[in-house]
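Here is the structure we will look at, set down as structure tokens.
The values are calculated or read from the model by the stated rules, or taken from the named source; none is laboratory data. As the structure is a computational prediction, the values presented were derived from the model and not from experiment. Positions of Cβ are backbone-derived with ideal geometry, glycine not excepted, and every protein chain shown enters the neighbour counts. For accessibility, only protein heavy atoms count, side chains too; no ligands or nucleic acids. Shrake-Rupley method; radii C 1.70, N 1.55, O 1.52, S 1.80 Å.
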Amino acid sequence: MTLYAFLGALEQGFLYGIMALGVYLTFRILDFPDLTVDGSLPLGASVSAVTITAGYSPYLALALASAAGFLAGAVTAILNTKLKILHLLASILTMISLYSINIRIMGGPNVALLGTPSVLTDLENLGLPLYQLTPVFFFVVAVLITSGLIWFLHTEYGQAMLATGDNRQMITSLGVNTDNVIIFGVGLSNALVAFSGALIAQNQGAADVNMGVGTIVAGLASVILGETVFGKATIARACIAVIVGSILYRTAIALALGSRLGSFSFTPSDLNLITAFLVIAALTSPMLKRRFTR
């Protein structure tokens, strides 16, 4: 792998790591299977793109994208908690609705951002190559988001969220409104995913309605890989493991796509196949390790 490819994988790892934190929040903390993320990532990208092309600040675009993602997640949670629709079905309904909503927002299937300002614009004035600066910038953003999530999960409300995922009946008996906790938690999860989508759109210079395909798979792969390699003994360790897992996932994909076995080589269309193998390897490695160390 070349230095340029490694820096690209690192950059993508930090960007999609923020998305993976959102998946971790529903998948591990709330025990809420949520497919909304496949729609909320392009939602964040589309809101960001339209805001920027309208002449507003790219930082305002990030805030609006996060708010839109929060609303999308809240809709899924309300369908589940208030209308008693199964959480998986509720998230699918929101996800398919967001496909049409995203096209409505953008006025078409995609929006180009070439020549428009972004959060990376100020970095161009530092005199260093952008491909070297962007991984550092996204590392700082990922650290801030991860630190904020760790802090939140140690607050009283964050502990209530953890308890809701672990034992909903018990925390309800203590007077906590678990419906509100789930609505806020799923909303926060999708706000992180949409924030990630907005950053991705600004980084790659375009927003596309199909850019969220496979988001949940990539997020789960990052969570599982990180937990397998880094562990999950504490909340802080688990959150950091998600970012580590995202970097490992993107690096593994870059290595696979750049490798060749005789006349055979992987292509971008094999991405889901590579992801499946990575997740299977991460899930089975602890069992295999125990079996061979007996």
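State whether one or more residues within segment 143-156 are within 30 Å of G55 (Cβ to Cβ), open to solvent by 80 Å² or more (accessible area, probe 1.4 Å) and either without any contact (Cβ under 8 Å) to a residue 12 or more places away in the chain or part of a helix (DSSP H, G or I) (or both).
Looking for residues that are within 30 Å of G55 (Cβ to Cβ), open to solvent by 80 Å² or more (accessible area, probe 1.4 Å) and either without any contact (Cβ under 8 Å) to a residue 12 or more places away in the chain or part of a helix (DSSP H, G or I) (or both), one finds at least one in segment 143-156, hence yes.
Can you work out which of the residues in segment 60-76 that are within 16 Å of V119 (Cα to Cα) and within 19 Å of the chain's Cα centre (by Cα) is surrounded by the most Cβ atoms within 10 Å (Cβ to Cβ)?
Here the answer is A65.
May I ask you to list the residues in segment 116-136 that are under 22 Å from T53 (Cβ atoms) and either touching a helix residue (DSSP H, G or I) at 6+ places or on another chain (Cβ under 9 Å) or buried (at least 16 other Cβ atoms within 10 Å of the Cβ) (or both)?
Across segment 116-136, the qualifying residues are T116, P117, S118, V119, L120, T121, L123, E124, L130, T134.
Any idea which residue in segment 220-246 is modelled with the highest pLDDT, counting only those that are out of contact with any helix residue (DSSP H, G or I) (no Cβ under 6 Å at 6 or more places or on another chain) and in a loop (DSSP other than H, G, I, E, B)?
T234
Any idea which of G226, G197 is in contact with a Leu (Cβ under 6 Å, 6 or more places away or on another chain) and surrounded by 22 or more Cβ atoms within 10 Å (Cβ to Cβ)?
G197 is the lone residue from the list that is in contact with a Leu (Cβ under 6 Å, 6 or more places away or on another chain) and surrounded by 22 or more Cβ atoms within 10 Å (Cβ to Cβ).
Right, V217: at pLDDT below 95 and either open to solvent by 10 Å² or more (accessible area, probe 1.4 Å) or assigned to a helix (DSSP H, G or I) (or both) or not?
Yes; evaluated as a whole, the condition is true for this residue.
What are the pairs with Cβ atoms under 9 angstrom where one residue, in segment 120-142, is part of a helix (DSSP H, G or I) and at pLDDT 80 or above and the other, located anywhere, is open to solvent by less than 70 Å² (accessible area, probe 1.4 Å) and among the β-branched types (V, I, T)? Sequence gap at least six, or different chains.
Note: pairs meeting the criteria are L123/T134; F137/V119; F138/I18; V141/I18; V141/V119; A142/I18; A142/I243.
Checking N203 against (1) of a type in the set (S, T, N, Q); (2) within 28 Å of I52 (Cα to Cα); (3) free of Cβ contacts under 8 Å to residues at least 40 places away in the same chain, which single condition isn't satisfied?
For N203, the failing item is (3).
Among the residues of segment 262-276, is there at least one that is open to solvent by 70 Å² or more (accessible area, probe 1.4 Å) and under 19 Å from T26 (Cβ atoms)?
Within segment 262-276, not a single residue is open to solvent by 70 Å² or more (accessible area, probe 1.4 Å) and under 19 Å from T26 (Cβ atoms).
What are the pairs with Cβ atoms under 8 angstrom where one residue, in segment 6-35, is free of Cβ contacts under 8 Å to residues at least 60 places away in the same chain and the other, located anywhere, is open to solvent by 10 Å² or more (accessible area, probe 1.4 Å)? Sequence gap at least six, or different chains.
P33/F27; P33/H87; P33/L88
What number of residues within segment 14-46 satisfy the criterion of being more than 9 Å from the chain's Cα centre (by Cα) and over 15 Å from Q204 (Cβ atoms)?
So the count comes out to 16.
From (1) over 16 Å from the mean Cα position of the chain (by Cα); (2) open to solvent by 20 Å² or more (accessible area, probe 1.4 Å), pick out the condition that doesn't hold for N203.
(1)
Looking only at segment 102-119, decide whether some residue is more than 30 Å from T178 (Cβ to Cβ), in a helix (DSSP H, G or I) and of a type outside the set (A, V, I, L, M, F, W, C).
Yes, the conditions are met somewhere in segment 102-119.
Which members of segment 161-194 meet the condition of being out of contact with any helix residue (DSSP H, G or I) (no Cβ under 6 Å at 6 or more places or on another chain) and more than 19 Å from D34 (Cα to Cα)?
Residues satisfying the conditions are Q169, M170, S173, L174, G175, N177.
Output yes when any residue across segment 222-242 is farther than 16 Å from G73 by Cα and either of a type in the set (K, R) or touching a Cys at 6+ places or on another chain (Cβ under 8 Å) (or both), and no when none is.
Scanning segment 222-242 turns up at least one residue that is farther than 16 Å from G73 by Cα and either of a type in the set (K, R) or touching a Cys at 6+ places or on another chain (Cβ under 8 Å) (or both).
Can you tell me which residue in segment 83-100 is most open to solvent (accessible area, probe 1.4 Å), limited to those that are touching a helix residue (DSSP H, G or I) at 6+ places or on another chain (Cβ under 7 Å) and in contact (Cβ under 8 Å) with a residue 40 or more places away in the chain?
Y99
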